[in-house]
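This report concerns only the one structure given below.
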Amino acid sequence: MSKHDDDWKQELESHLALRADHGATPDEARRRFGNRLQISEAVRAVHVPVYLDHLQQDLRYALRGLRHSPLFTAAALLTLALGLGASTAVFSVVDRILFRPLPYAEPDRLVWLGMAAPIETNEFLLSPDYLTWRKSQTVLTQLTATRGNTDCDLTSGDPVRYRCAQVDDNFLSTLGVRPLLGRDLQESDGAETALISHHLWLSRYAANPGLLNQTIEINRQPVRIVGVLPPGFELPTLQPFDLLQRMTIRQTSQSRAMFFLTAFGRLRPGQTASQTRDQLQPLFAEALKSVPPQFRNEVSLKVHSLRDRQTRDSRRSALLLLGAVGLMLLIACANVANLLLARAHARQREWSIRQAIGASHGRLLRQSITESLLLAGLGTAAGLVVARALLALFAHFAPNGIPRLAEATIDLRVLLAASAITIACSLLFGLAPLLLQRGQWFRSGLVVAQIAVTVVLLASAVNLLQSLITQLQIPLGLRPEGLLVAEVGLHRDRYPQREQQLQFFEALEERLAAIPGVQAVALADALPPHGRLMTTIFSTLQVEGRPANTGAPTGGMVVHRQITPHYFSILGIPVVRGRAFTEEDRRGPEDLVIISESLARRLFPQRNPIGQRMRAFEGPFRPIVGVVADVRNAGLTGKDDPEYYELRRHHPSAGRGHSQILLQSTADPAKLNAAVRHELRQLDPHLPAEIYPLTRKIDALTAQPRFQSALLSGFALAGLLLAAIGLYGVLAFLVARRAREIAVRLALGATPSQVRGLVLRQALLWTALGLGLGSAAAVALQLQQSLALTAAVLALTALLAAWWPSARAARVDPATALRWE
Amino acid sequence: MPPLELLILKTLARAANHGFGITLHIQQASSGLLSVEEGSLYPALHRLEREGLLSSEWGVTPNARKAKFYKLTPAGRKRLIQAEESWLQTAKGVSKLLRFAQ
């Protein structure tokens, strides 16, 4: 570009010289040539289209302008980076959670259906009903089900715990998924065949196609791999799995077991989920007949779209995040607009001068727009960096509860959309008042609006934090410090009989108790506060001597556990009445029961429970020997249920395939871990086990709500920071603009502190207005409890933001300020 | 083709020349009837060069002045012949019309 310019300059000089040689004076030559500027522009225009040339100029000018006002540029870029980066990151994550494509054919036609009942959080179908429905239903084009995942351990070599998904033979075809290699499951398949997941095929077998039709040893039985699943395939239940097998649910003469299945179907074209549900009512009514009459009211048929059902739990947090980020984006927009407004106003003098020497109004406007666009471009680039960092942060710290978080990548469309919104917003706010000549009101309005939005944001964050702290402060009811947990699950095939299971765990218990440093060992089938393996309906509990509950409502759930005597003492659960289980009880003739305080209150509101006998549903009545304090048993955020404890006696009925083992010991944790594994190996070298401290499990429970609160707090703080920047910016600008007025006041006798008070009062006025508006909105959102703290934080921040400009105002030197004319 | 550009091409058909020289030549060859404004000449020259009808080279005048010399390219020569014919036709048509209108 400038090469042309230099060339032309020389050509021009040469022309003038030649004319001078020809007989004119240099002045005459120049005059005859005409308007050099215009001609040069015309020549330049031949080589470069005019608008491009102007664009270059504008860009260079804009860049220079930005460099010359570092505070403005820094504030604007910071605002843009924060606002755009955060909103992009969150939108990308939420998009991943709520809108990601499911790896099935036409996934929006897939539904998750089943019966909903209080005893089971997930909808289910009982296996006999499922079989009937599959044969006779015509409402859905396809119906399939899964029995869930079972442990299937690789027993050749070092034992590895795998999970086998047990599904019906039409599972993959209903989902519209074809195996990558090999074949799908067939009706004739059973436990001896399986399909392997892509990630296992890749990680353990190096994607070797020769694995097809080979057998591997699962639970000490040969299993033939007949197919490989495609990459990216996932179960609709989102449970992780390694192998896919055909489930066995048909009742045979030996087993009349009923299974809880999770069912999925494909909607008929043109039908909705609710229409399907209505049309399935006749079949459902038939299925209800097998449910005891007192529960029938509480059971209903549900048909949900698969996507909705999958996102049911995360939807609320996702929407909360979106809301928070949206608010933050608003604050950021207002900030940028205010900054642009202030800047435009400050340059009005410069503009009028330039207009006086010939610049067109359009050209000046175009320059200003170019500058805004340049700023927006730089801000978007900065926002991209921030978004990347935030996503990495999310993925690192987020608990496993959020599905597919690690795969969330920056959706560029989102970044561009957020950027476009911000630009449009800023341009609108930046230019409109310029044309309307009502700058002052607009700026004040923006600051007040910013503060109001910040109030809402802060109040929400405080609210969430407060409820989280309250939740976490409810005492656990147990003392998890220093306890080690070993989770052991026996292969059904190796230990088919209960006696064998009992024998194994009793031998293990003895061995573990003998480890040096171990003070006590206890077994349980599940551990609080997170684990509840067995639950029953309250109304099935019967007390001897009382009539049974019929026709009564279910009364909610009751948790029960099978434990060994040391359980209460190891966990520090105090016995409130009666006594705990003892070792003699284990050798005793009958089953004993201990109930929790809350259960005692409900079953025996007036009487002493000790000595009473109770049972659940059927079987012999068992004596209650003690009452223990309540323990949290619904995670850390759920509502606890009453509980009772049964003793694991030295009797085959106490045989269990799975057990959690608690160890209390003074030994070094690492050494203890190794010792436990050693003892396990002695008993069964093919048994995998998970060993960890109990506190780790409990901490993991708080991970989800803690992460959410941290996130929301982060946004609230960012919003607060932005609002503070906004307030500071506008005040600083005002002080600079009204320096003359301030100087006059000072000259007429006002003290610096009076001047400072002037600025602070202005800030206070805006803050008060913003607080008022924001509080009204917060109350509308039912956040009134958090308002006190929010208002205090905001007022303090506003004061801090206003301090520097007010100090500047007080330091205005009347002599220099008044001379500025 | 606008007249100025035709004149430029015709001027350069005889010999390469620089901008000032073209100005002089047009004035002299038209016996003073035509005089070119420098303001329009140079943009036209650059335009013609951009279109590939002229090529330029820096050289030295007989007076030892540095100057940018323009000359016709083969494409320029072709274009000149076309433009000349087109002009002559236009001129004939115009004069016929004028005689007719009389």
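Rule-based calculations on the coordinates, nothing more; no lab input. None of these values were measured; they are calculated from a predicted model. Note that each Cβ is placed from the backbone with ideal geometry, even for glycine, and that neighbours are counted across all protein chains shown.
Across the options A:Ala703, A:Ala675, A:Leu717, the greatest Cα extent toward the positive end of the charge dipole of the stretch A:666-744 (unit charges at beta carbon of Lys, Arg, Asp, Glu) belongs to A:Leu717.
In debye to the nearest 20, how big a dipole does chain A give about its Cα centre with +1 on each Lys and Arg Cβ and -1 on each Asp and Glu Cβ?
Numbers: 87 positive and 67 negative charges, 484 e Å.
The calculation lands at about 2320 debye.
Ranked from highest to lowest mean number of other Cβ atoms within 10 Å per residue, what is the order of the peptides A:446-452, A:39-45?
By packing density, highest mean first, the sequence is A:446-452, A:39-45.
May I have the count of lysine pairs in chain B with C-alpha atoms under 21 Å apart, counting pairs 8 or more residues apart or located on different chains?
Step by step, the pairs that qualify in chain B add up to 4.
Straight-line reach from A:Lys3: which aspartates and glutamates have Cα under 17 Å away, leaving out those fewer than 8 places along the same chain? Leaving aside aspartates and glutamates fewer than 8 places away in the same chain, those within reach of A:Lys3 are A:Glu11, A:Glu13, A:Glu41, A:Asp53, B:Glu49, B:Glu57. Using C-alpha pairs under 8 Å with a sequence gap of at least 6, the mean separation divided by the residue count of the stretch A:495-683 gives a relative contact order of 34 percent. Along the positive direction of the dipole of the stretch A:23-113 (beta-carbon charges: Lys, Arg +1; Asp, Glu -1; about the Cα centre), which of A:Ser69, A:Ala45, A:Asn35 reaches farthest? Of A:Ser69, A:Ala45, A:Asn35, it is A:Asn35.
Legend: Rg and Dmax of chain A, from Cα coordinates, 37.3, 135 Å. 3J(HN,Hα) along the stretch B:6-20: 4, 4, 4, 4, 5, 4, 7, 5, 6, 7, 5, 7, 9, x, 5 Hz, from the Karplus curve 6.51 cos²θ - 1.76 cosθ + 1.60 with θ = phi - 60°, whole Hz, x for Gly and Pro.
Peptide A:14-21 shows a mean partner chain C-beta count of 6 within 10 Å per residue C-beta. Between the Cα long axis of helix A:361-397 and the first principal axis of chain A there is an angle of about 20°, rounded to the nearest 10. The ellipsoid that matches the Cα gyration tensor of the stretch A:495-683 has semi-axes, each √(5λ) in whole angstrom, of 31, 18, 15, with the longest given first. Averaged over the residues of peptide A:27-40, the number of Cβ atoms from other protein chains lying within 10 Å of each residue's Cβ is 2.
For A:Thr25, A:Thr193, A:Thr272, the sequence from fewest to most other C-beta atoms within 10 Å is A:Thr25, A:Thr272, A:Thr193. Putting +1 on Lys and Arg Cβ atoms and -1 on Asp and Glu Cβ atoms, find which of A:Phe284, A:Ser419, A:Ala389 reaches farthest to the positive end of the dipole of the protein assembly as shown. Toward the positive end, the furthest listed residue is A:Ser419.
Normalising by the residue count of chain A, find the relative contact order in percent from Cα pairs under 8 Å and 6+ residues apart. Please list the in-between numbers first.
On the way: 1277 pairs, mean separation 127.8, N = 821.
That works out to 16 percent.
Relative contact order for chain B: what percent, with Cα pairs under 8 Å and sequence separation of 6 or more? If you can, show how the numbers build up before the last one.
Values: 97 pairs, mean separation 29.9, N = 102.
For chain B, the relative contact order is 29 percent.
A straight chain from A:Arg492 to A:Glu510 at 0.36 nm per residue would run longer than the Cα-Cα distance by 4.2 nm. In a simple Cβ point-charge model (Lys, Arg +1; Asp, Glu -1; nothing else charged), the stretch B:3-101 has a dipole of about 220 debye relative to its Cα centre.
Against chain B, whose longest principal axis comes from its Cα atoms, helix B:38-50 is set at around 80 degrees.
Cβ neighbours within 10 Å, averaged per peptide: list A:558-564, A:103-109, A:806-812 in order, most packed at the top. Before the final figure, lay out the partial values.
Numbers: A:558-564: 23.6, A:103-109: 15.6, A:806-812: 19.3.
Ranked from most to least packed, the peptides come out as A:558-564, A:806-812, A:103-109.
Across all directions, the average projected area of the convex hull around the alpha carbons of the stretch A:580-736 is 18.5 nm². In summary, the lysines within cross-link reach of A:Lys639, defined as a Cα separation below 25 angstrom excluding same-chain residues under 8 places away, comprise A:Lys302, A:Lys697. Sorting A:Thr797, A:Thr121 from the fewest to the most surrounding beta carbons within 10 angstrom yields A:Thr121, A:Thr797. To the nearest 10 degrees, how steep is helix A:787-810 against the longest Cα principal axis of chain A, on a 0 to 90 scale? Rounded to the nearest ten degrees, it is 20. Peptide B:44-50 has a mean of 4 when you count, residue by residue, the C-beta atoms of other protein chains within 10 Å of its C-beta.
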